[in-house]
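Participant: Supplied in structure tokens, the structure appears directly below.
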Amino acid sequence: MSDSVAGGEILAPYAARDDRSRGRRYPEPKPEFRTEYQRDRDRIIHSNAFRRLVYKTQVFVNHEGDLYRTRVTHSIEVAQIARSVARALGVNEALTEAICLAHDLGHTPFGHAGQDALNECMRPYGGFEHNLQSLRVVDELEERYAEFPGLNLTFECREGILKHCSARAARDLGEVGERFLKRTQPGLEAQIANVADEIAYNNHDVDDGIRAQLVDLGELGETRLFRRQLEIVTAKYPGLGERRLIHEVIRRMINHIVVDLIRTSQAHLEAARPASIDEVRSQPKPLIALSEAAREEHAELMQFLRERLYRHYKVLRMTSKARRVLKELFEAFLTDIQLMPPEHREAAARGETSQGTAGRARAVADYIAGMTDRYAILEHRRLFDPAERT
Ligand code: MG
């Protein structure tokens, strides 16, 4: 099956296409009834790491309430937004979806607090970056297939998962790291996933923040994006109940930004006229972008969330607890790898043999990064609470 006509849609010349893929690290026969990128997406959905996202935090720790976003609902919302954009621009929808569903696979428990804590612990051993870890999950850590490690995804999908990366890390990654050294762009599918990620979390964090009563409508009205839609909805539906009002405002905010993204990117594509994905890669800047005005308003909302939500004392209390949990787990395991379950202990011993302490530390970081919020809390209790069963 060729995907120049993927799912009945005609792909634009600048879209990623099966027949021009840079391929998989371990060559495999073509799938019969799916495209290569559909196969990537399906492998991601069936992975262990994807299922663990159910119990990983976005902003609020998983046990705080059933309605808050988790990494899995976040990833699905990112994919939903990105697929709409991909379809409108005639690029590869299955690849876009695959990148979105995989983009957070390497996330630690406890959201950004967890990432920062693990990065601090790993600083003497090469650091920890969740984005790089997502690639490590799909390339190395998933153990499912007889003939290769990881999920053996296509180059285009791996390129999209690796959103950013230091020059030092890029040098060790071979082909997929090259663009960070040559300063070229990834395919449009990856660029769309990247912006869709920001659109999704900005909007759902507003919703979650209101639900948690950490921010209210009055405060949010300080941002232009929110205020404009709030005024439209309250004028059109006076007396609308609060839950519906909030949803109406948020869905209109998402629509406003997505429409801007599609129109602006369309104009960039018309001006640049890339004839292939390689011509997309060699552009000086990403072609998928918001207009200047929308970018500014989006940044204003992001700044608002940073100050009022992510640094709210109730969120900070949770993140400080999370940081302590991860650091204590890391120190305990690094000091005595015998405390880890057998497969992780063996990985740490292998790491030690090949790369000394840095190799041992990497295996400990892999174990911790793979934990869900609740598993990390339980492991911490098992290690430090004498009354807890081990
Ligand atoms: Mg994300």
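Participant: Determine the per residue accessible area of the range 4-313 with all protein chains present and a 1.4 angstrom probe, expressed in square angstrom.
Facilitator: 45
Participant: Along the positive direction of the dipole of the chain (beta-carbon charges: Lys, Arg +1; Asp, Glu -1; about the Cα centre), which of Leu11, Tyr313, Leu326 reaches farthest?
Facilitator: Looking along the dipole axis, the top candidate is Tyr313.
Participant: Continuing with this model, one more query. I need the shape label for the range 278-390. Rule: rounded when a/c is under 1.5, else prolate if a/b > b/c, else oblate, with a, b, c from the alpha carbon gyration tensor.
Facilitator: Taking the square roots of the gyration eigenvalues as a ≥ b ≥ c, the range 278-390 is oblate.
Participant: Hey, another quick one. Loop-only check: which GluC sites (Glu not before Pro) in the range 99-175 are DSSP coil with at most 12 other Cβ within 10 angstrom?
Facilitator: Those that pass, being in a loop and sparsely packed, are Glu143, Glu147.
Participant: Find, among the chymotrypsin sites (Phe, Trp or Tyr not before Pro) in the range 140-238, those assigned to loop by DSSP (not H, G, I, E, B) with at most 16 other beta-carbon atoms within 10 angstrom.
Facilitator: Tyr145
Participant: Further, regarding this structure: How big is the charge dipole of the chain about its Cα centre, in debye rounded to the nearest 20, if each Lys and Arg gets +1 on its Cβ and each Asp and Glu gets -1 on its Cβ?
Facilitator: I would put it at about 420 debye.
Participant: What's the center-to-center distance, using Cα atoms, between the range 278-333 and the range 181-222 in Å?
Facilitator: Between the Cα centre of the range 278-333 and that of the range 181-222, the gap is 8 Å.
Participant: Oh, and also: Once you have a ≥ b ≥ c as the square roots of the Cα gyration tensor eigenvalues for the chain, tell me rounded if a/c is under 1.5, and otherwise prolate or oblate according to whether a/b is larger than b/c.
Facilitator: Because a/c hits 1.5 or more and a/b fails to exceed b/c, the chain counts as oblate.
Participant: Straight-line reach from Lys163: which lysines have a Cα under 25 Å away, not including same-chain ones fewer than 8 places off?
Facilitator: Lys163 reaches Lys56, Lys182, Lys285.
Participant: Suppose a student asked you for the relative contact order of the range 315-384, using Cα pairs under 8 Å spaced at least 6 residues apart; what percent would you report?
Facilitator: 30
Participant: Which percent of the accessible area of the range 315-384 is formed by carbon and sulfur heavy atoms (probe 1.4 angstrom)?
Facilitator: That fraction is 51 percent.
Participant: Modelling each spin label as a point 7 Å along the Cα-to-Cβ direction, I'd like the Glu143/Arg311 distance in nm, to one decimal.
Facilitator: The answer from the label model is 4.4 nm.
Participant: Keeping all protein chains in position, work out how much accessible area Asp385 exposes to a 1.4 Å probe, and write it in Å² to the nearest 10.
Facilitator: 60
Participant: From the backbone phi of the range 113-125, what are the Karplus-calculated ³J(HN,Hα) couplings (6.51 cos²θ - 1.76 cosθ + 1.60, θ = phi - 60°) in whole Hz, Gly and Pro given as x?
Facilitator: Whole-Hz 3J(HN,Hα) from phi for the range 113-125: 4, x, 4, 5, 5, 5, 4, 4, 4, 8, 3, x, 10.
The values are calculated or read from the model by the stated rules, or taken from the named source; none is laboratory data. Quick caveat, the model's predicted, so the values are computed rather than measured. Note that we place each Cβ from the backbone using ideal geometry, even for glycine, and neighbour counts take in every protein chain shown. Each accessible area value is taken on the protein alone, full model and side chains, heavy atoms only, with ligands, DNA and RNA left out. Shrake-Rupley method; radii C 1.70, N 1.55, O 1.52, S 1.80 Å.
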